[in-house]
Number of protein chains: 2
Amino acid sequence: MVPIPESSLPRVIIIGGGFAGVKLVKKLKKLPLQIVLFDRNNYHTFQPLLYQVATAGLEPDSIADPLRKQLEPAHNFFFRMGEVQSIDPDKNTINTEIGELGYDYLVIATGSRTNFFGNVSLMQHAFPLKQIPQALDLRSHILQNFEAATITEDLMEKKSRMNIVVVGGGPTGVEVAGALGELKRSILPKDYPELDFGKMSIILLEASPRLLGGMSEKSSERALRYLKKFHVDVYLNTLVETYDGKSAKLSNGEHINTHTLIWGAGVKGNYPEGLPEEAIERSRILVDEYSRMRGSNNIFAIGDISAMKTDEYPNAHPMLAPVAIQQGDHLAINLKNALQNRPLKSFKYFDKGSMATVGRNKAVVDFPGKGTLGGFPAWIVWMFIHLISIIGFRNRLIVFLNWVWNYFTYDKGTRLIIRKFVPSKLKKQEAEVF
Amino acid sequence: MVPIPESSLPRVIIIGGGFAGVKLVKKLKKLPLQIVLFDRNNYHTFQPLLYQVATAGLEPDSIADPLRKQLEPAHNFFFRMGEVQSIDPDKNTINTEIGELGYDYLVIATGSRTNFFGNVSLMQHAFPLKQIPQALDLRSHILQNFEAATITEDLMEKKSRMNIVVVGGGPTGVEVAGALGELKRSILPKDYPELDFGKMSIILLEASPRLLGGMSEKSSERALRYLKKFHVDVYLNTLVETYDGKSAKLSNGEHINTHTLIWGAGVKGNYPEGLPEEAIERSRILVDEYSRMRGSNNIFAIGDISAMKTDEYPNAHPMLAPVAIQQGDHLAINLKNALQNRPLKSFKYFDKGSMATVGRNKAVVDFPGKGTLGGFPAWIVWMFIHLISIIGFRNRLIVFLNWVWNYFTYDKGTRLIIRKFVPSKLKKQEAEVF
């Protein structure tokens, strides 16, 4: 049993301190509920900027905030660090690595994890980018390869250690490829004057005919143009078939020698065991317009893990931070309604638009009313939105200062190999993720 | 062979990018020498603030600076990341994990490492504090113990997980104990309202009759008084005899239950193999007043690793950053003299005083002319000297902002368990250090 003080209040357990879970906890604290939040980490991760940790732009403390600090103490709120392994909907209990606990209401907000679509060679050798330790490993791995490139006299190996392949032309792939392009263009040549950066390739692979499939065609074209300016080669309609850690075989028959392949091509839901089969579709939890899991009255799912199908979104809502935040907010209102025996309200997603950045002075923005923005104005919008979205004034300040510094000095300060990356770690880490 | 371009210039190899090595490289670049710097890390560590990384005050990027960035490119300078394993003074070569390399001059600036004086139980279970990964592990370990304390109903275990023992009343021990006291007093109770902090003990052990043995009696007394204000219990004339990871047996017969024992009670020289026996005394390299190793004309040692005995310092100079910096500076002048066939100059240490901080508004300073300072003025002096000593304007700015933030908010922002600490790591890490 996880020790939680006895209480006469109904207990709601929330699994996951991401965007959805944090928003929900903040809104629930004033209600007559005992709230227990579980997360395997003691911090919330601001995932949209994770790629900047991987590319030496930010340290983890800029994008991570301790959950206990963020969710200030309240008599009815308890945080427990630990992975939730399974749920027993019949007994209304969860099983976690630190013990069992019963609930009156359960909210699953466990987000998504990397999806390699069963490709074992990628699972073993590609770098995922969903968690802070993964971003730090990638940073170390890239820098270690540049150190290794300076001491090899084998020209093929030298090039392979400098080359980087990014798979997936969604926002993550575009942003990480752009940031690597900036490193190649302005920063690494200063650190490694011995290396010929004309020989380094950054290749972005996208399976479909255009980048940023979720955005407008105009934004796709702009992103493609900007990436070229940052020395990124974009291959559209191209998949990676296998990768052995040194050579990637593409669907067009080409082989690319690279020690670094970053995987940003797929995510899937990340739910604990024990849920009824009829509630799961393509690894996400089917919910109604009140975020209630199919077939249950007291289990809810919000954020990336939930699949809420509506007339407007017949294939479920997109897996985006704003959806998660709005669902957290909305579920708090409905739980309050439920406690007061008032009718529940249907969720309606308010789409504020979408955006992606490529690099210095270059971003793309789609407004909901079909307007688009590119270049410097879009870049300013992107920065402003991300800054105000980061939770905690301290983090906002540190990110802002790092950005100002990076912008004016053409420098990125965290080119540190704090823990050397050893390939065996990758497998282990993935094992933890799955 | 480590590949370094052919050159007609004499080659000087410097081992270690600490205070001494970095200063030396900067001064040598304009001379007709080929300079090769080896370090096992790609960054310089500002060790005086390492304890703030361990106590959630700073992130690693504040106190680490990439060596390649700091030592800007020059046609005659090469950095190589890799551990130097042994030296062959007869063949004038070094053996490293990345290959062999010959030298004309060799400078050993490898600093010091933790000394457990052969106590195996401490070696296996105590936390050293000499490197950034060690500081991060300690930070995670402390926070993990607080999470564990919230879920145990065994009161003895709860207390043991909260208790912290610090061994060694030198600057490191005093500073880390003071910082932990601040965490206990102002920060952790906000994060863990469920825990009773009256039950948490922070104990500082010192084998001699007073703290800060290298400083004035007045400063020792002040430090003792300040530590009490930060809820630190100081045991003088007390040693730890054994520690099994849960209970520490002290020389006064007492047993203290604690999951965390921090070892700041000893360092020793950290030199590669292959040096002649007559050149080593108590794990340091004996050098003359020109920093030349005993029995050699082209091997030098500077910083903590060197033992330079003079009339003023018959037991060798103290192992302090200012000595290292001045020796690096001085050796550069003498190498220039040697290249120009001019007589060498003897080293003379210019003692600017010493200092230690205990916590918020409390520090002690000894001036060389026997004057002392305590309390708030000493704290301001301490902060100012440390800020101007950090290399790199970006690091200085980030440290300054973190300090301002911590001061006014009574908050420390990096309470993050980024990589969970697993006890087996400790042994592995120590194995690497030795």
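The values are calculated or read from the model by the stated rules, or taken from the named source; none is laboratory data. Note that the structure is a prediction, hence the values are computed from the model and not measured. Don't worry about glycine lacking a Cβ; one is built from the backbone with ideal geometry, like all the others, and counts go over all protein chains shown.
A few remarks follow.
- B:P3 vs. criteria modelled with pLDDT under 95 and over 26 Å from B:F393 (Cβ atoms): yes
- B:N257 vs. criteria surrounded by fewer than 17 Cβ atoms within 10 Å (Cβ to Cβ) and under 30 Å from B:T55 (Cα atoms): yes
- There is no residue in the stretch A:118-125 that is of a type outside the set (F, W, Y), crowded, with 19+ Cβ neighbours inside 10 Å and within 12 Å of chain B (Cβ to nearest Cβ).
- Considering residues of the stretch B:363-387 that are touching a residue at least 60 places away in the same chain (Cβ under 8 Å) and out of contact with any strand residue (DSSP E or B) (no Cβ under 8 Å at 6 or more places or on another chain) only, the residue farthest from B:V399 (Cα to Cα): B:K370
- Any hit, the stretch A:306-313, residues being part of a strand (DSSP E or B), of a type in the set (S, T, N, Q) and touching a His at 6+ places or on another chain (Cβ under 9 Å): yes
- Within the stretch A:381-402, considering residues that are of a type in the set (F, W, Y) and more than 15 Å from A:S219 (Cβ to Cβ), the one surrounded by the most Cβ atoms within 10 Å (Cβ to Cβ): A:F400
- Scanning the stretch A:314-348 for residues that are of a type in the set (D, E, K, R) and part of a loop (DSSP other than H, G, I, E, B) yields a total of 3.
- The stretch A:292-307, subset within 18 Å of A:P318 (Cα to Cα) and of a type in the set (A, V, I, L, M), residue surrounded by the most Cβ atoms within 10 Å (Cβ to Cβ): A:I302
- Residue match in the stretch A:397-412 (condition: in contact with a helix residue (DSSP H, G or I) (Cβ under 6 Å, 6 or more places away or on another chain) and more than 30 Å from A:L227 (Cβ to Cβ)): no
- The numbered conditions (1) out of contact with any Lys or Arg (no Cβ under 7 Å at 6 or more places or on another chain); (2) of a type outside the set (V, I, T); (3) closer than 30 Å to B:E6 by Cα are all true for A:A149 except (1).
- Of the strands (runs of 3 or more DSSP E) lying entirely inside the stretch B:165-284, those containing at least 2 residues that are at pLDDT below 95 are B:267-269.
- Single residue of the stretch A:160-185 satisfying the filter (under 19 Å from A:L205 (Cα atoms) and basic (K, R)) that is farthest from the other protein chains (Cβ to nearest Cβ): A:K184
- Among all residues of the stretch A:170-185, there is none that is among the polar types (S, T, N, Q) and either touching a Phe, Trp or Tyr at 6+ places or on another chain (Cβ under 6 Å) or surrounded by fewer than 21 Cβ atoms within 10 Å (Cβ to Cβ) (or both).
- When B:N163 is tested against (1) touching a strand residue (DSSP E or B) at 6+ places or on another chain (Cβ under 8 Å); (2) surrounded by fewer than 17 Cβ atoms within 10 Å (Cβ to Cβ), only condition (2) is not met.
- For the stretch B:386-431, a residue qualifies if it is in contact with a Phe, Trp or Tyr (Cβ under 7 Å, 6 or more places away or on another chain) and at pLDDT 85 or above, and the qualifying residues are B:L387, B:I390, B:L416.
- Each residue in the stretch B:89-117 was checked for being outside any loop (DSSP other than H, G, I, E, B), of a type in the set (D, E, K, R), away from every other protein chain (no Cβ under 14 Å) and under 30 Å from A:P193 (Cα atoms), and 0 of them qualify.
- Output for the stretch B:126-159, where each listed residue is surrounded by 20 or more Cβ atoms within 10 Å (Cβ to Cβ), in a loop (DSSP other than H, G, I, E, B) and within 13 Å of another protein chain (Cβ to nearest Cβ): B:Q131
- Odd one out for B:G178, checked against (1) among the small types (G, A, S); (2) out of contact with any strand residue (DSSP E or B) (no Cβ under 6 Å at 6 or more places or on another chain); (3) closer than 30 Å to B:E217 by Cβ: (2)
- Matching residues in the stretch A:362-380 - criterion: being surrounded by fewer than 16 Cβ atoms within 10 Å (Cβ to Cβ) and within 23 Å of the chain's Cα centre (by Cα): A:F367, A:P368, A:I380
- Residue match in the stretch B:335-345 (condition: surrounded by fewer than 23 Cβ atoms within 10 Å (Cβ to Cβ), outside the structural domain of B:T242 (by TED's automatic domain parsing) and closer than 30 Å to B:D366 by Cβ): yes
- Unmet criterion (only one of (1) part of a helix (DSSP H, G or I); (2) buried (at least 21 other Cβ atoms within 10 Å of the Cβ)) for A:M355: (1)
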